[in-house]
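Have a look at this one before I ask anything.
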Amino acid sequence: MNRKKIYLVRHGQTDFNLKGVVQGSGIDAPINENGRKQAAAFFEAYKSIPFDQAYYTGLQRTKQSIQSFLDLGIPAVSTTDLNEISWGDYEGLPMSPEESKYYQHMLEQWKQGNLDYCIAGGESPNIVAKRMQRGIDEIIAGPGETILVCMHGRAMRIFLSLIMKQDLCHMDMFEHKNLCLYLLNEKEDGTFELERRNDTEHLKALQ
């Protein structure tokens, strides 16, 4: 079996990110001008990597973030299994002090292991994990060895927890920024190790 090397990135900045507005699977926002600059910087840094396959979600901000790689002719798959968590009734709303308090309460529930807890109308970590595992299985069983995957913040935390065999209650250990990189290497026993985490070295010129 060919061992996978997965370059996992979060999408570039959107106006929702910039304004601190809740943005989940129900918000199909495009990346903004800064997001496009981030995508260009990532492409410039990694365009020489011989990617065999790319994956992005059903939301346009992920495809836009790796479009330059797709333009090279790299085979690509769009899958909603990797979509961001749904924040339900809170999607599209600015993070007010009251909502921030509710959000922190929810995160505390997750840290305590209540992984079925979710925002009204939204998804719980356990619900997301079921579809996320399908996405991971597709990537691992799919073609190629060197893989590019573009996803979303909370979804990445769940993806990384699953693929690294970590309990979801600890998922916040996987920090992220817009267009950050996590590099995962599959070992002989089929487990994965992290070579890089939340790497934004390629974005330094933009700062």
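Identify the residue in the stretch 78-102 that is in contact (Cβ under 8 Å) with a residue 24 or more places away in the chain and open to solvent by 40 Å² or more (accessible area, probe 1.4 Å) and, among all such residues, is nearest to F42 (Cα to Cα).
T80
Further, regarding this structure: On the basis of being exposed (fewer than 15 other Cβ atoms within 10 Å of the Cβ) and under 17 Å from T79 (Cα atoms), does A141 make the cut?
Yes, satisfied.
If I go through the stretch 148-172 residue by residue, how many of them are buried (at least 22 other Cβ atoms within 10 Å of the Cβ) and either over 14 Å from the mean Cα position of the chain (by Cα) or of a type in the set (G, A, S) (or both)?
1
Which condition breaks for F42 when tested against (1) part of a loop (DSSP other than H, G, I, E, B); (2) in contact with a helix residue (DSSP H, G or I) (Cβ under 6 Å, 6 or more places away or on another chain)?
(1)
For the stretch 154-163, does any single residue satisfy the condition of being within 28 Å of A29 (Cα to Cα), touching a residue at least 60 places away in the same chain (Cβ under 8 Å), in contact with a Leu (Cβ under 9 Å, 6 or more places away or on another chain) and among the aromatic types (F, W, Y)?
Yes.
Among the numbered criteria (1) part of a loop (DSSP other than H, G, I, E, B); (2) in contact with a Lys or Arg (Cβ under 7 Å, 6 or more places away or on another chain), which one does D81 miss?
Unmet condition: (1).
A follow-up question, please. Within the stretch 177-190, is even one residue free of Cβ contacts under 8 Å to residues at least 24 places away in the same chain and among the charged types (D, E, K, R)?
The answer is yes; a qualifying residue exists.
Just to be sure before I move on: is L115 open to solvent by 10 Å² or more (accessible area, probe 1.4 Å), without any contact (Cβ under 8 Å) to a residue 60 or more places away in the chain and under 24 Å from D199 (Cα atoms) in the structure I sent?
Spelling it out, it is not the case that L115 is open to solvent by 10 Å² or more (accessible area, probe 1.4 Å), without any contact (Cβ under 8 Å) to a residue 60 or more places away in the chain and under 24 Å from D199 (Cα atoms).
Same structure again: If we keep just the residues of the stretch 62-109 that are among the hydrophobic types (A, V, I, L, M, F, W, C) and touching a Leu at 6+ places or on another chain (Cβ under 8 Å), which is farthest from A155 (Cα to Cα)?
The residue in question is I74.
Residue under question is G73, and the condition is that it be more than 26 Å from D172 (Cβ to Cβ), assigned to a loop (DSSP other than H, G, I, E, B) and free of Cβ contacts under 8 Å to residues at least 60 places away in the same chain; does it hold?
yes
I've got another one for you. Of the conditions (1) at pLDDT 95 or above; (2) under 17 Å from G88 (Cβ atoms), G122 satisfies every one except a single condition; which number is it?
(1)
Still on this structure: I want to confirm something. Restricting to the stretch 173-207 and keeping residues that are more than 12 Å from the chain's Cα centre (by Cα), part of a loop (DSSP other than H, G, I, E, B) and of a type in the set (D, E, K, R), which single residue is surrounded by the fewest Cβ atoms within 10 Å (Cβ to Cβ)?
Residue satisfying both the conditions and the ranking: D189.
Specify the residue that is surrounded by the fewest Cβ atoms within 10 Å (Cβ to Cβ); the eligible residues are those in the stretch 32-56 that are farther than 19 Å from N198 by Cβ and either β-branched (V, I, T) or touching a strand residue (DSSP E or B) at 6+ places or on another chain (Cβ under 8 Å) (or both).
Among them, the one singled out is P50.
Now a separate question. Where the second residue is surrounded by 17 or more Cβ atoms within 10 Å (Cβ to Cβ) and the first is free of Cβ contacts under 8 Å to residues at least 60 places away in the same chain and lies in the stretch 136-149, which pairs have Cβ atoms under 8 Å and are six or more apart or on separate chains?
I136/F159; I136/L162; I136/I163
The values are calculated or read from the model by the stated rules, or taken from the named source; none is laboratory data. Just so you know, these numbers come straight off a predicted model, no measurement behind them. Here the Cβ is made from the backbone with ideal geometry for all residues, glycine too, and neighbour counts use every protein chain on show. Only protein heavy atoms, including side chains, enter the accessible area calculation; ligands, DNA and RNA are left aside. Shrake-Rupley method; radii C 1.70, N 1.55, O 1.52, S 1.80 Å.
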